[in-house]
């Protein structure tokens, strides 16, 4: 039986149905490591959701498997149970009983209660649970890949875990030569997992080296930068090389 790569994370590790390139970093890394993928990533989710799924699935993970966690930003909160992919206050287009009061409560929470100190305490507690669970169950050290730059304590606080040095958001932002303009795609992302395919290739190789050869996962060097700008991002030629054509079409429709 093939050993499994258990993946828990957000849009950086989410796999779209029906439009998958073999170059997506998860698929490449799993193939190199000879793992099958069990992926519980969800776009826009919070750490709360990620850890709930891990708690539900932990007894299925064996010592021969590998756990990989993409650590999303801790300021995301799973406020509405039925919508784990919406983790910031938003306006509903439909009229629903109680919606206005819930949205107002969420806005007040983020304005007056949520603060970085609480976020950091929650991250440390979550990672402590993961460290303890992995050690108790005899797992290989889970790999924690930072999705965003964030403080989580010191690596030495969690001897049962491996951490990336650097984060995926920085790689994603550096791909744009126009001053790292985060609004370039206007919410319609033409890239798989917010990364060009050339950087998927590089990330997959780095993940392999980390898990197979126990090397440090350094996300701060070795990646391609300035791949596109506001003009070239609309180019089909670039899309054929670096983006998902299906997602690129959605991007063009959204920005026309």
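Key figures for this structure:
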read-out: Answer from 185, 163, 223, 251 - the residue that is farther than 18 Å from residue 148 by Cα and touching a helix residue (DSSP H, G or I) at 6+ places or on another chain (Cβ under 7 Å); value: 185
read-out: Any hit, the stretch 11-24, residues being outside any loop (DSSP other than H, G, I, E, B), touching a helix residue (DSSP H, G or I) at 6+ places or on another chain (Cβ under 9 Å), under 25 Å from residue 160 (Cβ atoms) and at pLDDT 95 or above; value: no
read-out: Failed item, numbered, when residue 237 is tested on (1) part of a loop (DSSP other than H, G, I, E, B); (2) at negative phi; (3) free of Cβ contacts under 8 Å to residues at least 40 places away in the same chain; value: (1)
read-out: Residues that are over 25 Å from residue 25 (Cα atoms) and either under 20 Å from the mean Cα position of the chain (by Cα) or outside any helix (DSSP H, G or I) (or both), drawn from the stretch 132-150; value: 137, 138
read-out: Residue count, the stretch 190-218 (criterion: buried (at least 21 other Cβ atoms within 10 Å of the Cβ), more than 15 Å from residue 28 (Cβ to Cβ) and in contact (Cβ under 8 Å) with a residue 60 or more places away in the chain); value: 1
read-out: Test: residue in the stretch 42-53 that is touching a helix residue (DSSP H, G or I) at 6+ places or on another chain (Cβ under 9 Å), over 24 Å from residue 29 (Cα atoms) and in a helix (DSSP H, G or I); value: yes
read-out: Yes/no for residue 222 being modelled with pLDDT of 90 or more and loosely packed, with under 14 Cβ neighbours inside 10 Å; value: yes
read-out: Boolean, residue 104 is at pLDDT below 95, in a helix (DSSP H, G or I), surrounded by fewer than 16 Cβ atoms within 10 Å (Cβ to Cβ) and more than 19 Å from the chain's Cα centre (by Cα); value: yes
read-out: Test: residue in the stretch 223-233 that is farther than 25 Å from residue 37 by Cβ and in a helix (DSSP H, G or I); value: yes
read-out: Residue identified as surrounded by 15 or more Cβ atoms within 10 Å (Cβ to Cβ), at pLDDT 95 or above and either on the phi < 0 side of the Ramachandran plot or in contact with a strand residue (DSSP E or B) (Cβ under 7 Å, 6 or more places away or on another chain) (or both) among 66, 55; value: 66
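The values are calculated or read from the model by the stated rules, or taken from the named source; none is laboratory data. Keep in mind the model is a prediction, meaning the values are calculated, not measured. Ideal geometry is used to build each Cβ from the backbone, glycine not excepted, and the neighbour counts take in all protein chains shown.
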